[in-house]
Every structure is written in C-alpha cells, then in structure tokens.
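Worksheet: the structure to be examined is printed underneath.
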Amino acid sequence: MKYELAIFDLDGTILDTLADLAESTNYALTQAGFPKRTMDEVRQFVGNGIRKLIERAVPAQTPVEVIDQVQQTFNAHYKVHCADQTRPYDGIMELLQALRAAGCKTAVVSNKADYGVQELCARYFPKMFDFAVGERTGIAKKPAPDSVNEVLRCLQVEREHAVYIGDSDVDVLTAANAGMDCIAVSWGFRDVEFLAAHGAEVIVNRPEEIMPICQLQFA
C-alpha cells in the first residue's frame, strides 16, 4: 500500500446524511417560527459544523441568543433522529473492507458533533475504524489540522503515509493544512467543478476508484 492510514470525512463522503440533517434543521427552524430551508440549501450550508449550519439556515440578523436556542433544538432532535434516513454510500463498506484487508488503518475526522460521529460510526461501520472523532469543545474544527494531527499521533502514522478523503473544500484545505495527500469525492455535497475550483487535484466519482490510488507505489 502507498498509505498506512486513510482518514475519511463523514457527511457526504462515507454517509449520505443530508436528509436527516435537513429534517432536524427544519424542525429547529419551525420551532423558532422561521421558514424551512430546501434540501439543496442545507447541502450548501453543511461542512463547517453545526453552529455554522444553523447560522446559515436562520434568517439574516437573527440575534445570537435565538441562534443558540435553534442550535439547542437541532441538537436535541438530531440526537434522536440522526439515523432515520442516513445510509452509507454504495461501495463504501466494500472500500473499507478492502483497505483494512490490505493492512491500511482507517479513521474518521468530521466537523459533525462528536456524539453524532460516534453514534453513526458504531451503527453503520462497527469495528471498521481505528479512530473516529468529531467536533469537540476546545478543539479547532476543520480546516484546522488539530483533529487530524491527533489521529496521526494516536495511530502512530507519519503524515506522508496518510491520505485524507472528503467531499468538500473544507476537506481539501484540511489536508493541505495537515501536510497530507487528499482525495476528493464527487458523490457528496459538492460537485466536481466546485472541488476543482477549490484546489482538489485528485477527484474520484465512485468509491471503487479509491483503492487503486491507495495501492499505487511511487519511488
């Protein structure tokens, strides 16, 4: 294997979480008396953590204390409903199994709240990741490299032997900030043109395209 470790984003990369995110967002908005957002709007809002999702979803000039309440309502709803419609993308489980069978470690680093990361990884990918971490208080979110660096340290892998795999500009920048190779995927929340415009150099359209890239050996 070219890589000893493959670190994955969660939402839009290994799990299609958009429907449940939109449902909880709209529940929280309506509870506050705000209009709902479309699925495509929510798709554009995600990627920078729950706080940014809510700030983008509420009407402009919404007071901070109201945003706080909408976020609390979202969290309470999403904790219960985070897996109602969520599912792994086709081919992801087979990719993870192939990577692990080849001796490659696997991990998840996400801007999703850590409770959601742990719940969804345990539910959909039991024992498939050596490390999984989400947004936590006091730890800088992606594109800061802090959580990626923690994974590298805990799994004792040098960054030149690891690759970050994600579906957004945040993921491309995270890999750059961590000094790691990046594979961008086009089946998630951002399309090929957007990814290329934001610096993605390696873009794949199907999970089965990732394994050959990870197996390539360079002198």
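Considering only alpha-carbon pairs that sit under 8 angstrom and 6 or more positions apart, the relative contact order computed for the chain is 27 percent.
Taking K and R as +1 and D and E as -1, what net charge do the other residues with C-beta under 13 Å from the C-beta of Trp187 add up to?
Working: positive: Arg43, Arg87, Arg190, Arg206; negative: Asp9, Asp11, Asp16, Asp90, Asp167, Asp191, Glu208, Glu209.
Net charge in that neighbourhood comes out at -4.
To make sure I understand, if each residue's beta carbon is the centre and we count other beta carbons within 10 Å, what order do Glu65, Glu135 fall in, fewest to most?
Going from least to most buried by this count: Glu65, Glu135.
Among the lysines of the chain, pairs that are 8 or more positions apart or on different chains and have alpha carbons within less than 24 Å of each other number 19. Structure remark: mean-square fluctuation, Gaussian network model of the chain, C-alpha springs under 10 Å; the largest value among Glu208, Glu193, Glu150 belongs to Glu193. Of the residues Ala144, Gln156, Val66, the one whose Cα sits farthest towards the positive end of the charge dipole of the chain is Val66 (charges of +1 on Lys and Arg Cβ, -1 on Asp and Glu Cβ, taken about the Cα centre).
Name the longest site-free stretch of the chain, where the excluded sites are trypsin sites (Lys or Arg not before Pro) in a DSSP loop with no more than 15 other beta-carbon atoms within 10 Å.
Details: sites that count: Lys2, Lys36, Lys127, Arg136.
That gives 37-126 as the longest site-free run.
Starting from the Cα gyration tensor of region 18-81, take the square roots of the eigenvalues, sort them a ≥ b ≥ c, and report rounded, prolate or oblate (rounded when a/c is under 1.5, otherwise prolate if a/b is larger than b/c, else oblate). It is rounded, given that a/c, with a ≥ b ≥ c, falls under 1.5.
Phi-derived couplings, Karplus 6.51 cos²θ - 1.76 cosθ + 1.60 at θ = phi - 60°, listed residue by residue for region 53-66: 4, 5, 4, 6, 7, 6, x, 4, 6, 5, x, 4, 5, 6 Hz, with x used for Gly and Pro. Sorting Val64, Val185 by the number of Cβ atoms found within 10 Å of their own Cβ, with the fewest placed first, yields Val64, Val185. Which residues among region 38-53 fall inside the zone where the amide N is under 15 Å from a point 7 Å beyond the Cα of Ala197, along Cα→Cβ? Under 15 Å, as judged by backbone N against the label point of Ala197, lie 44-45 of region 38-53. Under the rule a/c < 1.5 gives rounded, and otherwise a/b versus b/c splits prolate from oblate, where does region 68-182 land using the Cα gyration tensor? Oblate, since a/c reaches 1.5 and b/c is not below a/b. Legend: ranking of residues Thr17, Thr106, Thr62 from fewest to most surrounding C-beta atoms inside 10 Å; resulting order Thr62, Thr106, Thr17.
Each reported figure results from applying straightforward, stated rules to the coordinates on display, with no laboratory input. Everything quoted here is computed from the prediction, not taken from an experiment. Counting neighbours? That spans all protein chains shown, and the Cβs are built from the backbone with ideal geometry, glycine included.
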